Ligand SMILES: Cc1cc2nc3c(=O)[nH]c(=O)nc-3n(C[C@H](O)[C@H](O)[C@H](O)COP(=O)(O)OP(=O)(O)OC[C@H]3O[C@@H](n4cnc5c(N)ncnc54)[C@H](O)[C@@H]3O)c2cc1C
Ligand code: FES
């Protein structure tokens with residue numbers, strides 16, 4: 001009953017803490033027991049009063065009563081959300097969407113930018129016996145975030161965090177998929193999980209599939225209702241908000257939109 005209310009109704013919450021992750025990314029922490037305990041991959045719709053409503057992955061915190069969003073300032077709505085101060089109110093509804101399947105064994109997590117948000121929550125769901133490698137991608141050193149958090153969440157696991165920057169100012173130089181290709185030559189994995197820019201995820205899915213490794217990706221599409229009513233998140237023959245956002249590589253490689261096209265705010269199919 002209470003969960004249904006959380007899904008149907010916009011709740012007004014007060015932002016309690018704002019954490020600067022990078023010069024363009026902030027984490028906003030607020031109290032909400034439902035959103036604090038969602039499955040990895042689930043998202044909420046976030047209303048920035050007077051501006052717009054945006055889909056946001058729900059970030060993990062160390063407190064089971066606190067939820068968070070980690071937002072990169074980009075256009076009007078995300079910049080308004082990024083600019084929220086402690087004490088300000090935002091509206092939230094959710095959780096929506098499915099979640100990553102929890103596999104066991106040797107696991108590879110590949111994240112780019114704010115795509116790391118659902119992957120950090122996923123890491124908290126893994127067994128301590130799993131051997132986990134996390135690849136974190138960013139354009140440049142100052143845009144790297146969650147390296148310390150990933151190490152902290154996985155501290156009881158045998159694990160490795162590999163940071164890759166496009167300009168080579170920190171960690172390995174290149175793209176996350178370069179690091180993934182190298183790791184696939186040296187290791188075997190039981191499952192790969194990815195979230196980030198779609199071109200990146202497309203390559204990750206291809207690389208894992210070539211090696212016959214189970215792979216799942218969380219995709220983004222334009223979302224308005226978040227619950228399968230409006231059709232704005234149409235993704236080939238499925239709705240990203242209702243049928244995803246997490247899909248298997250096996251399905252994604254049959255969806256001709258994946259990695260190539262998406263719908264604009266007015267529903268027009270455009271190239272990536
Ligand atoms: C399931 C999901 C989870 C997300 N999680 C995060 C997150 O954790 N952190 C984060 O910073 N961003 C996240 N995003 C992206 C975020 O919702 C916005 O797309 C992004 O912040 C840009 O919004 P804007 O209005 O500022 O930009 P604008 O300049 O208005 O739009 C730029 C582009 O952003 C995308 N966009 C804008 N509005 C929406 C919308 N309602 N739904 C989907 N895409 C939209 C479109 O591709 C658009 O072309 C997520 C998106 C989805 C679908
Ligand atoms: S956002 Fe409305 S159907 Fe998915």
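Quick notes on this structure:
- Of all residues in the stretch 231-240 being touching a residue at least 12 places away in the same chain (Cβ under 8 Å) and not in a loop (DSSP other than H, G, I, E, B), the one that is surrounded by the most Cβ atoms within 10 Å (Cβ to Cβ): 240
- Elements of type strands (runs of 3 or more DSSP E) contained in the stretch 79-144, each with 2 or more residues being out of contact with any helix residue (DSSP H, G or I) (no Cβ under 8 Å at 6 or more places or on another chain) and touching a residue at least 40 places away in the same chain (Cβ under 8 Å): 89-96, 106-112
- Evaluation of residue 236 against the conditions (1) within 22 Å of residue 101 (Cβ to Cβ); (2) away from ligand 2 (no atom under 16 Å from the Cβ) shows that the sole unmet condition is (2).
- Selection over the stretch 44-72 of residues that are more than 12 Å from ligand 1 (Cβ to nearest atom) and within 12 Å of the chain's Cα centre (by Cα) gives a count of 0.
So that you can scan it fast, the table gives a plain yes or no per residue for (1) surrounded by fewer than 23 Cβ atoms within 10 Å (Cβ to Cβ); (2) within 16 Å of ligand 2 (Cβ to nearest atom); (3) part of a strand (DSSP E or B):
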site	(1), (2), (3)
188	yes, no, no
203	yes, no, no
215	no, no, yes
223	yes, yes, no
228	yes, yes, no
242	yes, yes, no
251	yes, no, no
254	yes, no, no
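- When residue 52 is tested against the conditions (1) under 25 Å from residue 227 (Cβ atoms); (2) free of Cβ contacts under 8 Å to residues at least 12 places away in the same chain, the lone failure is (2).
- For residue 74, the conditions (1) closer than 22 Å to residue 138 by Cα; (2) in contact with a strand residue (DSSP E or B) (Cβ under 9 Å, 6 or more places away or on another chain) are fulfilled apart from (2).
- All strands (runs of 3 or more DSSP E) inside the stretch 4-77 with 2 or more residues being surrounded by 21 or more Cβ atoms within 10 Å (Cβ to Cβ): 25-31, 43-48, 52-57, 66-72
- Failed criterion for residue 63 (all others in (1) free of Cβ contacts under 8 Å to residues at least 60 places away in the same chain; (2) within 28 Å of residue 201 (Cα to Cα) hold): (2)
- Residue in the stretch 150-166 that is surrounded by 20 or more Cβ atoms within 10 Å (Cβ to Cβ) and part of a loop (DSSP other than H, G, I, E, B) present: yes
- Here residue 169 fits the description: in contact with a helix residue (DSSP H, G or I) (Cβ under 7 Å, 6 or more places away or on another chain), in a loop (DSSP other than H, G, I, E, B) and surrounded by fewer than 21 Cβ atoms within 10 Å (Cβ to Cβ).
Only the coordinates and a few stated rules stand behind these numbers; no lab work does. Computed from a predicted model, the values in this text were never measured in an experiment. As a convention, Cβ positions derive from the backbone with ideal geometry for all residues, glycine included, and neighbour counts pool all protein chains shown.
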